[in-house]
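Contents: one structure, followed by commentary.
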Amino acid sequence: MARRSTKTPPGDDYEERILDIDVVDEMQGSFLEYAYSVIYSRALPDARDGLKPVHRRIVYQMNEMGLRPDRGYVKSARVVGEVMGKLHPHGDASIYDALVRMAQPFSMRLPLVDGHGNFGSLGNDDPPAAMRYTEARMAGAASLMVESIDEDTVDFAPNYDGQESEPVALPAAFPNLLVNGASGIAVGMATNMPPHNLGEVVAAARHLIRYPNADLDALMRFVPGPDLPTGGRIVGLNGIRDAYEKGRGTFKIRATVSIENVTPRRKGLVVTELPFTVGPEKVVAKIKDLVNAKKLQGIADVKDLTDREHGLRLVIEIKNGFVPEAVLEQLYKLTPMEDSFGINNVALVDGQPLTLGLKELLQVYIDHRFEVVRRRSEFRRGKRRDRLHLVEGLLTALVDIDEVIRIIRSCDNAAQAKESLKERFSLTDVQTQYILDTPLRRLTRFDRIELEGERDDLRAEIEKLTRILDSDAELRKLVSSELAAVAKKFGTERRTVLLESAAAPAASVPLQVADDPCRVLLSSTGLLARTPGGDPFEAPEEDARRTRHDVIVSAVPATVRGEVGAVTSTGRLLRLPVVDLPALPPGTTAPNLAGGAAVSEFLALGEDERVLCLTTFDESSPGLALGTEQGVVKRVVPDYPANKEELEVVSLREGDRIVGAVELRTGEEDLVFITSEAQLLRYPASQVRPQGRAAGGMAGIKLGEGARVLSFTAVDPASDAVVLTVANAADTLDGSEQGSAKLTPFEQYPRKGRATGGVRCQRFVKGENRLVFAWAGQAPALAAQADGRPAELPERDPRRDGSGMPLAGPVAAVAGPV
């Protein structure tokens with residue numbers, strides 16, 4: 001029991017009065033009063049206009065300040081000050097926060113404030129600037145909210161100190177509560193409503209206007225689900241139906257992600273849309289925490305490339321060897337890239353908080369619009385009737401204007417003139433006063449014609465307004481047409497994708513790429529790629545259509561999670577992880593590396609250093625065979641330490657370089673040298689004993705003075721092989737001097753001993769003195785220019801020592817089938 005003392009000022013009749021009050025009753029009463037104040041005046045939106053008091057006061061006061069969309073911006077601090085001083089008796093921070101939210105396109109589906117300056121970022125990663133720095137004015141949608149507010153369409157109530165008045169609800173020409181949603185925490189209850197698409201909501205409202213008994217299924221054909229400002233994908237629609245039926249439900253939102261080649265070496269997940277209220281910095285921080293805690297595998301790097309020009313772009317690079325789809329499923333499970341949204345449709349209806357379904361929300365808004373349009377029509381009809389009354393009085397006076405002037409001139413004062421005119425023409429006080437106030441220049445014949453036209457227009461408008469007020473069907477038709485006009489002007493396409501359920505879970509997909517067989521290819525243009533499966537390509541048909549990058553100079557079998565070696569012209573052997581290489585599409589039937597990546601993306605090469613061939617690290621193979629420009633040959637023992645990324649496979653003499661390298665398959669191949677003097681030497685690989693990696697090799701071919709080796713390779717003597725030679729007077733081929741070429745069967749060249757001079761492979765004609773290009777290998781031979789475009793070769797010439805045929809274009813590389 002509590003005792004309350006009530007004292008009066010001391011005096012002659014002073015008497016102390018003490019009231020005994022039950023503490024429980026006092027607490028209940030005080031708490032209920034506080035709770036009602038929070039619910040009604042702070043936290044919950046009105047179901048009619050979808051606004052909380054602070055938002056309604058901001059929009060109304062901006063309209064009163066004349067901050068319409070066609071006017072200039074003013075400082076946000078000025079708006080906040082006006083709202084706080086006249087209508088909202090709370091802190092400026094809460095007012096500015098509400099104003100900022102109404103200006104954020106990622107918070108509201110149809111922003112009500114047009115902001116100029118930094119109004120924050122998604123997820124509040126970048127907070128808005130202070131109100132003294134930003135500027136604001138009404139957006140076009142805010143004009144719809146206060147449209148016809150000065151036509152007695154809504155009730156007004158006194159402000160907190162009784163000196164101003166404010167609207168109880170705005171006219172709201174569109175269903176703002178559903179379109180923009182709302183969130184708030186009151187005492188003992190909360191509201192959380194998602195945004196929707198304006199066109200869909202208006203379509204549902206118009207359907208309900210036409211068919212008041214429409215059920216939820218009919219309305220959901222127009223409003224299938226929320227349409228969030230940030231887009232994304234809603235997964236599972238059962239919770240949405242529960243919310244539309246009972247006012248409560250839950251759904252999941254997923255980020256919109258695509259799998260792209262973010263670098264030539266790696267695939268990545270590119271996030272362009274995030275769940276509602278989730279910012280990119282929150283996602284990046286969570287991913288980094290999970291990677292550091294080793295709870296998330298396969299992430300190489302995360303980059304936030306978001307900007308104002310391209311919008312949200314979050315790039316998550318995937319490590320080679322991991323399946324992007326499986327990593328994405330882990331991201332959905334462990335990070336805010338998948339988030340839940342709990343719908344709780346609580347709003348004020350006649351001052352009472354109620355949980356409403358979709359139909360109830362639409363019905364409350366429609367009833368509000370009926371009332372607004374009805375009151376607006378009554379107001380307009382009253383105004384037009386008043387005007388018609390004045391116009392009819394003035395026309396009466398114009399019929400006998402001379403008599404009106406005579407009466408006025410004969411009277412001593414205005415009051416006597418007024419009474420005389422009323423009595424003479426049977427006019428009312430208002431009509432008589434209007435006639436007396438009308439200047440003589442308005443009493444011409446032309447003005448009479450104008451007045452008669454105005455009278456007819458006023459009568460037609462009054463008749464139209466009367467039809468609306470007297471006919472429920474006309475009223476519904478008008479409200480529906482106005483909603484359609486709003487949707488046509490402000491409607492936008494749906495941003496959020498609705499999915500009945502999630503795609504097949506990636507739990508069955510292994511996180512890492514399987515160690516399947518493949519082949520690693522190197523093109524003449526320096527592109528690398530791997531093919532699915534380990535089978536070679538079939539030899540192309542004679543008339544097969546050629547494409548760019550289809551000349552494959554080296555191909556070795558491997559596994560996806562294995563390694564291959566790259567032999568360079570300086571005698572280095574570099575390790576190359578196969579999983580790093582881009583994979584050609586499954587089903588590729590022709591050798592074409594257009595989808596490959598440049599060697600420079602994977603290996604650091606020196607100046608003038610190039611990759612000659614690829615090799616396996618199989619120690620049971622016969623090893624590598626190398627040939628240098630100065631005629632040295634070497635077979636390398638396949639001894640490659642696994643802990644070294646770079647190995648030296650030959651000790652080169654000063655000024656020498658490797659011109660050809662090949663991995664032997666059987667050891668029964670013939671080694672082939674072709675020199676610039678048009679000499680070809682062929683001998684079995686068994687004549688060259690294998691050496692260690694540090695050795696410098698042995699004499700491979702005897703060179704004449706000034707000659708150099710152009711080509712070195714290994715050829716299977718049992719295969720259908722050919723030799724291509726190109727002669728010219730210049731050191732290289734260019735567009736003006738194409739040279740002459742000869743394609744000869746390999747069997748035409750006899751075997752000779754190692755370190756001998758070989759035999760002539762092409763006779764020079766006038767203007768030719770050297771070979772500039774040579775190649776030997778299995779037929780059919782495919783030739784390419786320097787940029788990878790196909791080049792044509794001459795027909796086979798059986799003459800070993802014959803001259804060549806003119807080339808149609810320059811040849812930079814040749815290779816056989818792979």
Dipole magnitude of segment 517-815 about its Cα centre (Cβ charges: Lys, Arg +1; Asp, Glu -1), debye to nearest 20: 680 debye
Cα gyration tensor category, rounded, prolate or oblate, for segment 256-336 with a/c compared to 1.5: oblate
The chain: angle of helix 324-334 to the longest principal axis, Cα-based, in degrees nearest 10: 40 degrees
Add +1 for every Lys or Arg and -1 for every Asp or Glu among the other residues with Cβ under 14 Å from the Cβ of ASP472, and state the total. +2
For the chain, averaging the sequence separation of alpha carbon pairs under 8 Å that lie six or more residues apart and dividing by its residue count, the contact order in percent is 9 percent
By the scheme Lys and Arg +1, Asp and Glu -1, what is the net charge of all other residues having a beta-carbon under 11 Å from that of GLY816? -2
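Ratio of Rg to Rh for segment 733-798, alpha carbon only, Kirkwood?
Details: Rg = 13.8 Å, Rh = 14.2 Å.
Reported Rg/Rh, Kirkwood definition of Rh: 0.97.
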For a protection proxy built on the mean count of beta-carbon atoms within 10 angstrom, sort 759-770, 169-180 highest first, please. 169-180, 759-770
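Please list the three semi-axes, largest first and in whole Å, of the ellipsoid equivalent to the chain, using sqrt of 5 times the eigenvalues of its alpha carbon gyration tensor.
On the way: eigenvalues 1608, 259, 103 Å².
Semi-axes from the Cα gyration tensor: 90, 36, 23 Å.
Can you check what the net charge comes to around ARG109, using other residues whose Cβ is under 13 Å from the Cβ of ARG109 (Lys, Arg +1; Asp, Glu -1)?
Values: positive: ARG101, ARG494, ARG495; negative: GLU200, ASP227, GLU493.
Computed value for this residue: 0.
Where does each of VAL688, VAL201 land when they are ranked from fewest to most other beta-carbon atoms within 10 angstrom? Don't skip to the answer; put the middle values down first.
Working: VAL688 19, VAL201 29.
The most exposed by this proxy come first: VAL688, VAL201.
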With axes computed from alpha carbons, what is the tilt in degrees of helix 358-399 against the longest principal axis of the chain, rounded to the nearest 10 within 0 to 90? 50 degrees
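Of the peptides 129-140, 102-113, how do they stack up when ordered by the mean number of other Cβ atoms within 10 Å, highest first? If you can, show how the numbers build up before the last one.
Details: 129-140: 19.0, 102-113: 22.0.
For the peptides 129-140, 102-113, the packing ranking is 102-113, 129-140.
How big is the dipole moment of the chain about its Cα centre under a simple scheme where the beta carbon of each Lys and Arg is +1, that of each Asp and Glu is -1, and everything else is neutral? Debye, nearest 20, please. Before the final figure, lay out the partial values.
On the way: 102 positive and 117 negative charges, 344 e Å.
With only Lys, Arg, Asp and Glu charged at Cβ, the dipole is about 1660 debye.
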Kirkwood-based Rg over Rh for segment 307-446 (C-alpha set), two decimals? 1.55
Segment ILE259-ASN118, length gained on full extension (0.36 nm per residue, minus Cα span): 47.6 nm
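Expressed in nm², what is the orientationally averaged projection area of the convex hull enclosing the Cα positions of segment 64-172? Before the final figure, lay out each step's value.
Working: hull surface 27.9 nm².
Mean projected area of the Cα convex hull: 7.0 nm².
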Just to be sure I understand the curve: with the Debye formula and one point per C-alpha of segment 234-387, what is log10 I(q)/I(0) at q = 0.12, 0.18, 0.21 Å⁻¹? -0.68, -1.02, -1.22
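A short reminder: the numbers here are calculations on the coordinates, not readings from a lab. All values derive from a computational prediction rather than experimental measurement. Cβ: placed from backbone, ideal geometry, glycine included. Neighbour counts: every protein chain shown.
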